[in-house]
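The values are calculated or read from the model by the stated rules, or taken from the named source; none is laboratory data. Please read these numbers as outputs of a predicted model, since none were measured by experiment. When we count neighbours, we look across all protein chains shown, and the Cβ atoms used for this are built from the backbone with ideal geometry, even at glycine.
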2 protein chains.
Amino acid sequence: MIPDILSHGQYETVYNFLSLVIASQLFTAVFLVIALPRILPRYRQAITVAIVVCGIAAYHYFRIFDSFKAAFVTDAVGGTGDYSQAVGAGFNEGYRYVDWLLTVPLLLVELVAVLALVRSVQSALLRRLVPAAALMIILGYPGEISGDNGLRGLFGLLSTIPFAYILFVLFVQLSKSLDQQPSGVRRILSQLRFLLLLSWGVYPIAYLLPLLNISGADAWVFKQVGYSVADILAKAVYAVIIYQVARIKSFDDDPAFARDELSRDEVATRS
Amino acid sequence: MIPDILSHGQYETVYNFLSLVIASQLFTAVFLVIALPRILPRYRQAITVAIVVCGIAAYHYFRIFDSFKAAFVTDAVGGTGDYSQAVGAGFNEGYRYVDWLLTVPLLLVELVAVLALVRSVQSALLRRLVPAAALMIILGYPGEISGDNGLRGLFGLLSTIPFAYILFVLFVQLSKSLDQQPSGVRRILSQLRFLLLLSWGVYPIAYLLPLLNISGADAWVFKQVGYSVADILAKAVYAVIIYQVARIKSFDDDPAFARDELSRDEVATRS
């Protein structure tokens, strides 16, 4: 539930975190657009998807930011400095779910695309991962908008089933494909899966905060901060790591390209 | 007819679907702009048209979104949380028809352009498809703005005649040209026609909802959701599939381009 009152500090915390997410997503997308020619064409599909993911997230955070500013007003004149819910404008948590519905399947497309596996293997992986990701988001939504903690818990639990399936595919089925990757790439990709687990793990924690005994406004503020931090890790930081993978693979594939892109000392270290 | 009252849930549903369409169209256009160099120049006309279609749709959905926000206000003070029609601001359904009048003929231009047929064959197809598409939209409009179910049915029926003609051209006359396409392309194009039939089929269903016995507000909400989903399928998803067709045709036309764009394993699989 959205709290009736936010203290000045609580309001500013949410406000600044939302703005931090906008800056992170927008300029990760800008960075990647500019850096796109500096990987081989065969890895550009992954980075193009990463740009789109960060762009979609930036768009939704602009919406969330505006929705938050409209939802709370301060009783500034002679008041306490607290913010109370504005009449006639509610904070729309739905934007997050629209965002995730689009971006979470695309994050898995990014991961599979950067591996540049044979198309049939890519298709087989995505046919499992993408529907599971969409289902995970869709099952979370009824719990999120419900004021009832029982329903929240139930849908949280249901949503965990496709999440567990995604982890199974990534950590069991994908491992076979990783053996064919260059060793530097294998290490980074392994870290990437743990970043995914770590950052995606923040969402259920933030989701379940209202079920704990943290009082209303604090739980809500922690939830907003949690979702914000998780979105930065899962999209912007993740995209930069995917870019690193694409760079290393580009250098491995084409020594002439590596000579152009790297300093002489660095080329010497590589060989 | 636009309902007088929307419940909080009905309002949020329409609101989030409209925002979902904006994000889908806008970032499909962004994706295609970035990905444009990754097909051969001869197929870029089709993708350029696809970018314009998604851009036009995003523009109109910004308009529809703002029109919707202005058309309903909440009676928050001690109220029920319901939204009622604002005095002096109506929801403008006309934006959809302006959008379709521009984009639907262009969707057919996209489809014909990606086939890269002989110019005289392209012209012959478009001389049939484009006027039929425009006529279909124009004939639907009087029924849409009419409050009278008889008029709605009549114009719906009239609008179906050019729709049937378009399907005849795509499924009977186009089939001859498809035989000359590479087999992978033939399969995708065949699927594409069914996506077109499926997604275009949603419009008449949404259009006719007010004629069924679904009560006012629900019918209207379903209609907005139906139009939104159909627009995502018919423009954004359709554009991504057209892009896939252009990629496959590029690789078939130019093996050196395929070697640059695909991983070594994938090139081996193709030959």
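Can you tell me which residues in region A:1-27 are aromatic (Phe, Trp, Tyr) and either closer than 17 Å to residue A:96 by Cβ or exposed (fewer than 13 other Cβ atoms within 10 Å of the Cβ) (or both)?
A:15, A:17
Take the conditions more than 10 Å from every other protein chain (Cβ to nearest Cβ) and free of Cβ contacts under 8 Å to residues at least 24 places away in the same chain and apply them to residue A:113. Does it pass?
Against the criterion (more than 10 Å from every other protein chain (Cβ to nearest Cβ) and free of Cβ contacts under 8 Å to residues at least 24 places away in the same chain), residue A:113 does not qualify.
Yes or no: residue B:52 out of contact with any Asp or Glu (no Cβ under 9 Å at 6 or more places or on another chain), more than 14 Å from chain A (Cβ to nearest Cβ) and not charged (D, E, K, R)?
When the stated conditions are applied, residue B:52 passes them.
Is there a residue in region B:24-36 that is facing chain A (nearest Cβ under 10 Å), more than 29 Å from residue B:254 (Cα to Cα) and not polar (S, T, N, Q)?
yes
Look through A:68, A:31, A:17 and report the one residue that is within 24 Å of the chain's Cα centre (by Cα), modelled with pLDDT of 90 or more and under 24 Å from residue B:82 (Cα atoms).
A:68
Determine which member of the set B:154, B:211, B:170, B:178 is at pLDDT 85 or above, over 17 Å from residue B:100 (Cβ atoms) and more than 21 Å from the chain's Cα centre (by Cα).
Residue meeting the stated conditions: B:154.
Run residue B:93 past the list (1) modelled with pLDDT of 90 or more; (2) more than 14 Å from chain A (Cβ to nearest Cβ); (3) closer than 22 Å to residue B:229 by Cα and report the number of the one that doesn't hold.
Among (1) modelled with pLDDT of 90 or more; (2) more than 14 Å from chain A (Cβ to nearest Cβ); (3) closer than 22 Å to residue B:229 by Cα, the lone unmet condition for residue B:93 is (1).
Is one or more of the residues making up region B:102-109 crowded, with 16+ Cβ neighbours inside 10 Å, touching a residue at least 40 places away in the same chain (Cβ under 8 Å), under 30 Å from residue B:256 (Cβ atoms) and in contact with a helix residue (DSSP H, G or I) (Cβ under 9 Å, 6 or more places away or on another chain)?
There is at least one residue in region B:102-109 that is crowded, with 16+ Cβ neighbours inside 10 Å, touching a residue at least 40 places away in the same chain (Cβ under 8 Å), under 30 Å from residue B:256 (Cβ atoms) and in contact with a helix residue (DSSP H, G or I) (Cβ under 9 Å, 6 or more places away or on another chain).
Within region A:127-161, track down each residue that is of a type in the set (A, V, I, L, M, F, W, C), surrounded by fewer than 17 Cβ atoms within 10 Å (Cβ to Cβ) and more than 27 Å from residue B:10 (Cβ to Cβ).
Passing the criteria: A:157, A:161.
Can you run down the residue pairs with Cβ atoms below 7 Å, 6 or more apart or on separate chains, where the first is in region B:244-271 and more than 13 Å from chain A (Cβ to nearest Cβ) and more than 21 Å from residue A:39 (Cα to Cα) and the partner is modelled with pLDDT of 90 or more and part of a helix (DSSP H, G or I)?
B:246/B:43; B:246/B:46; B:246/B:47; B:249/B:43
Listed residues A:205, A:161, A:241; which is at pLDDT 90 or above, under 23 Å from residue A:132 (Cα atoms) and in a helix (DSSP H, G or I)?
Of A:205, A:161, A:241, the one residue that is at pLDDT 90 or above, under 23 Å from residue A:132 (Cα atoms) and in a helix (DSSP H, G or I) is A:161.
If you go through region B:190-202 one residue at a time, do you hit one that is aromatic (Phe, Trp, Tyr), in contact (Cβ under 8 Å) with a residue 40 or more places away in the chain, within 29 Å of residue B:92 (Cβ to Cβ) and crowded, with 16+ Cβ neighbours inside 10 Å?
No, that holds for no residue.
Conditions tested, residue by residue: (1) over 19 Å from residue A:56 (Cβ atoms); (2) among the aromatic types (Phe, Trp, Tyr); (3) free of Cβ contacts under 8 Å to residues at least 12 places away in the same chain; (4) in contact with a Pro (Cβ under 9 Å, 6 or more places away or on another chain).
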| position | (1), (2), (3), (4) |
| --- | --- |
| B:4 | yes, no, no, no |
| B:15 | no, yes, no, no |
| B:24 | no, no, no, no |
| B:28 | no, no, no, no |
| B:35 | no, no, no, no |
| B:50 | no, no, no, no |
| B:66 | yes, no, yes, no |
| B:98 | yes, no, no, no |
